[in-house]
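Asker: Below: one structure in structure tokens.
The values are calculated or read from the model by the stated rules, or taken from the named source; none is laboratory data. Just so we're clear, the structure is a prediction, and the values are computed from it rather than from any experiment. Ideal geometry is used to build each Cβ from the backbone, glycine not excepted, and the neighbour counts take in all protein chains shown. Remember, those area values only see protein heavy atoms, side chains included, never the ligands or the DNA or RNA. Shrake-Rupley method; radii C 1.70, N 1.55, O 1.52, S 1.80 Å.
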Amino acid sequence: MTEQRRHPASWWAQFHEASERFDTAFLTEGLGDLINAKIASPLLRREAEIATDIVVRHLNKPNSAELTERSDKAVDRLVQTVQRLEERSGDAFELAAAHAACHLLEGRVADAASEAEDFLTTQQILRVFVGALRMERFDNDLAVRMLAAGHSPGVALASGSVVGRYSWWPSWLTKVVRDRAMEGRLDEQTVEALDRCAYAELSPAQARIARRLLAGEAALIEASATRLETLDERNAAQLLREGDLTAVALAARLIPL
């Protein structure tokens with residue numbers, strides 16, 4: 001596996017803080033499946049799988065006294081087994097996945113995620129964490145791509161929420177928004193301006209022009225601004241030259257169909 005930078009537990013903890021609906025049961029099941037598959041010993045792997053199943057049931061029914069007791073016992077049993085194996089072999093690396101499984105089932109999910117980056121790809125783990133956010137109208141793929149590209153959880157999750165909220169936008173504009181998000185240039189002011197572009201009824205040819213204007217093509221911006229001036233839209237022409245996105249929709253709509 002290509003070497004990757006391990007994120008500290010504090011980085012992974014930001015996901016739980018980002019959503020009031022964070023689904024710990026979903027996360028434990030999804031991350032548990034990934035971690036358990038990396039446990040080399042079939043017997044130890046089976047014990048971890050059984051413990052994971054019981055813990056997930058308990059998380060889904062936290063008020064069940066029976067499941068609480070069974071969950072505690074299963075986790076204690078797994079932790080003790082791993083401790084005995086480590087004392088016997090002295091090879092902590094061989095038991096890295098088992099240690100991560102223990103921490104996950106003990107509720108130390110951020111620690112487990114950080115440790116799991118030693119044997120899982122960050123993207124695999126990210127998809128489970130993003131899914132556990134349980135956010136409505138949320139662009140999971142964009143958030144995962146931004147996180148994998150090095151954006152902070154706060155920025156990536158905010159962008160995923162914005163794009164999900166405006167999923168009705170035309171595909172050409174959605175692509176512009178995603179590109180801007182990946183570049184770290186998506187803020188509320190930009191979104192409001194782009195929203196005006198979304199309401200403009202543009203032909204495919206006009207949409208292509210709008211996309212190029214939004215990309216900042218200097219020659220096209222000047223030509224479009226000059227056209228606006230000839231149509232007595234001098235204020236819009238000036239705004240377009242200054243990079244004001246609100247003028248893009250008007251400039252594109254004035255392109256002949």
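Asker: To the nearest 0.05, what FRET efficiency results for residue 60 and residue 183 with a Förster distance of 41 Å applied to their C-beta separation?
Answerer: Computed FRET efficiency for residue 60 and residue 183: 0.55.
Asker: Taking the alpha-carbon distance from residue 38 and a cut-off under 24 Å, which lysines remain once sequence neighbours fewer than 8 residues away in the same chain are dropped?
Answerer: Residue 38 reaches 73.
Asker: When only Cα pairs under 8 Å and 6 or more residues apart are kept, what is the percent relative contact order across segment 151-250?
Answerer: It comes to 25 percent, rounded to a whole number.
Asker: In nm, to one decimal, how far is the modelled label at residue 254 from the one at residue 205, with both set 7 Å along Cα→Cβ?
Answerer: 1.7 nm
Asker: Which whole-number percent gives the relative contact order of the chain, counting Cα pairs below 8 Å spaced six or more residues apart?
Answerer: 18 percent
Asker: Something else now. Under the rule a/c < 1.5 gives rounded, and otherwise a/b versus b/c splits prolate from oblate, where does segment 9-134 land using the Cα gyration tensor?
Answerer: On the way: a/c = 2.05, a/b = 1.20, b/c = 1.72.
Cα axes put segment 9-134 in the oblate bin.
Asker: Grab the DSSP H runs of the chain that are 4 residues or longer, score each as -39,500 (n - 2.57), total them, divide by all residues and round the 222 nm result to the nearest 500 deg cm²/dmol.
Answerer: Calculated at 222 nm, the ellipticity per residue is -22000 deg cm²/dmol.
Asker: Per residue, what volume in Å³ does the Cα convex hull of segment 158-254 take up?
Answerer: Expressed per residue, the convex hull around the Cα atoms of segment 158-254 is 86 Å³.
Asker: Give the accessible surface of the chain per residue, rounded to a whole number of Å², with probe radius 1.4 Å and ligands, DNA and RNA excluded.
Answerer: 54 Å²
Asker: For segment 113-257, with only Lys/Arg (+1) and Asp/Glu (-1) charged at the beta-carbon, what is the dipole magnitude about the Cα centre, in debye rounded to 20?
Answerer: 380 debye
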